[in-house]
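Notes to accompany the following structure.
Read the figures in this text as sums done on the coordinates, not as results from a lab. The shown structure was predicted, so the numbers you read here are calculated from the model rather than taken from an experiment.
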Amino acid sequence: MRNIKSELVEFIRKNPGAKRSEIFSEFKKLSFSEVDSAIYQLEKHGEIICINTGRYVYFVAGEGALERYLLGKNTSDLLDLETTAIELREKHLYRRAATVWQQLCDSITATEDLRDCYVFLKNLCIGYARKPGNSVEDFNLAGRYCGDDL
């Protein structure tokens, strides 16, 4: 029996930033519902990340996969800021990381696809900052640079 989930994860690892249509065309021998169900289950268990930009849906797989995907696509002027944002997120300074992702989003050298990913990462960091378990000290230390409306 074919293991759809493992094949799907492997395909997404080999093709970071794959769109839903690319995934369906790769697995065209399977029904739409089988592939869609596997995508849903993998996303639910955190094995893949779905980036829904409103216009497109991108998929990446693995821990830090989104950051690696972005680092591979960028010019050197954006690379330093991305590295800074990743380091801040690893230190659990989520609001500061969100601010840096917003700066990248506002950059005139960022492409539309990159902007969509930056917005997703910014919102992800803000979500982490709002999660229960982050102490008041961590919250205040990280600052409130992105505002409450995000």
Residue by residue through the stretch 5-13, the couplings from Karplus 6.51 cos²θ - 1.76 cosθ + 1.60 with θ = phi - 60°, in Hz, x for Gly and Pro, are 4, 5, 5, 5, 4, 4, 4, 5, 5
Cross-link reach from K14 to lysines, straight Cα distance under 29 Å and at least 8 residues apart if same chain, gives K5, K28, K29, K44, K73, K91, K122
